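J.: Handing you this structure, nothing more for now.
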Amino acid sequence: MNSTAPVFPPPAGETRSAPARRWIVPVCGLVLVAVLAAGVWAAGGFEEKPEQPTKKAGERLDLGLFEVTVRDVRIGLANTFGSDKKRFLIMRMRVLNKGKETKSLGTGGLTDGVVALTKAGKWVKPERIEGVAGGAGTGTAQPGLPVEASAMWEMGPADAPKKLTVGLREWKYEHGFTDTSFNWIVDQRSDEFAGRLTLAVGAS
């Protein structure tokens, strides 16, 4: 064959359709990727949500202001403000105040960072936390002095859960919205915990 022979162009119809076919697949692919990316972004992105740190009884938990070691959970009777005793879920724990000031075990102190999960999926604080330090009952935690504390959630007469899930929130040394002085603060609305434990419930 003569190498100098002329090369005839393809028919007019093929000239117009070939480039179009070459672009259809890439364009469709780009559209699909864009749609998928928008859907993933709306769902929270590719990054996985960090899991809550799961802990076991006997582990030391650093909560910032407090160091807490949860011992166990049991069902027991305790006095109320009336004359009758009531049934409580009682979580026993060792508490160490790592700050420089005395802190309450009740509202405004340790209680604000301790919650338990109800059957309805709601986190609730204990009705009260009682403590023993140096062989005597106490409602406070002195700096550097360990306290054996009991967090108590009141139960109904027929309640008998086999397990209790508790969450311990982290305290942070910072200033609030209305003041400029630094203090130990815990976010009582947060569902993120420094430690989350699911404990078997024993009898008293």
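J.: In this structure, does Lys86 turn out to be open to solvent by less than 90 Å² (accessible area, probe 1.4 Å), at pLDDT 50 or above and of a type in the set (D, E, K, R)?
T.: It is true that Lys86 is open to solvent by less than 90 Å² (accessible area, probe 1.4 Å), at pLDDT 50 or above and of a type in the set (D, E, K, R).
J.: Mind listing whichever residues of region 135-156 are farther than 24 Å from Gly202 by Cα, in contact (Cβ under 8 Å) with a residue 12 or more places away in the chain and in a strand (DSSP E or B)?
T.: Of everything in region 135-156, those that are farther than 24 Å from Gly202 by Cα, in contact (Cβ under 8 Å) with a residue 12 or more places away in the chain and in a strand (DSSP E or B) turn out to be Thr138, Thr140, Ala141, Pro143.
J.: Here's a follow-up. Given (1) within 20 Å of Leu61 (Cα to Cα); (2) of a type in the set (A, V, I, L, M, F, W, C); (3) open to solvent by 60 Å² or more (accessible area, probe 1.4 Å), where does Ala141 come up short, assuming only one miss?
T.: If we test Ala141 against (1) within 20 Å of Leu61 (Cα to Cα); (2) of a type in the set (A, V, I, L, M, F, W, C); (3) open to solvent by 60 Å² or more (accessible area, probe 1.4 Å), just (3) comes out false.
J.: Can I ask one more? If we scan region 55-74, do we find a residue that is modelled with pLDDT of 95 or more, of a type in the set (A, V, I, L, M, F, W, C) and more than 30 Å from Asn183 (Cβ to Cβ)?
T.: yes
J.: Looking for whichever is at pLDDT 95 or above, over 22 Å from Gly76 (Cα atoms), acidic (Asp, Glu) and surrounded by fewer than 17 Cβ atoms within 10 Å (Cβ to Cβ) here; the options are Glu101, Glu127, Glu148. Which one fits?
T.: Glu101
J.: Which of the residues belonging to region 157-169 are in a loop (DSSP other than H, G, I, E, B), open to solvent by 20 Å² or more (accessible area, probe 1.4 Å) and not aliphatic (A, V, I, L, M)?
T.: Selection gives Pro157, Asp159, Pro161, Lys162.
J.: For region 170-186, what are the residues that are part of a loop (DSSP other than H, G, I, E, B) and touching a Leu at 6+ places or on another chain (Cβ under 7 Å)?
T.: Restricting attention to region 170-186, the residues satisfying the condition of being part of a loop (DSSP other than H, G, I, E, B) are 170, 175-182.
Once the filter is applied, which keeps residues that are part of a loop (DSSP other than H, G, I, E, B) and touching a Leu at 6+ places or on another chain (Cβ under 7 Å), region 170-186 yields only Glu170.
J.: If I ask for residues that are open to solvent by less than 60 Å² (accessible area, probe 1.4 Å) and of a type outside the set (Gly, Ala, Ser), which ones from region 54-83 would you list?
T.: Leu61, Leu63, Leu65, Phe66, Glu67, Val68, Thr69, Val70, Asp72, Val73, Ile75, Thr80
J.: Specify the residue that is nearest to the chain's Cα centre (by Cα); the eligible residues are those in region 110-134 that are in contact (Cβ under 8 Å) with a residue 60 or more places away in the chain and part of a helix (DSSP H, G or I).
T.: My answer is Gly113.
J.: State whether one or more residues within region 187-204 are of a type in the set (Ser, Thr, Tyr), open to solvent by 70 Å² or more (accessible area, probe 1.4 Å) and in a loop (DSSP other than H, G, I, E, B).
T.: Yes, that holds for at least one residue.
J.: So, Arg92, is that one of a type outside the set (A, V, I, L, M, F, W, C), within 22 Å of Lys56 (Cβ to Cβ) and assigned to a strand (DSSP E or B) or not?
T.: Spelling it out, Arg92 is indeed of a type outside the set (A, V, I, L, M, F, W, C), within 22 Å of Lys56 (Cβ to Cβ) and assigned to a strand (DSSP E or B).
The values are calculated or read from the model by the stated rules, or taken from the named source; none is laboratory data. Values in this document were obtained by computation on a predicted structure and should not be read as measured data. A quick note on method: Cβ atoms are made from the backbone with ideal geometry, for glycine too, and the neighbour counts reach across all protein chains shown. The protein model used for the area step is the full one, side chains on, heavy atoms only, and it has no ligands, DNA or RNA in it. Shrake-Rupley method; radii C 1.70, N 1.55, O 1.52, S 1.80 Å.
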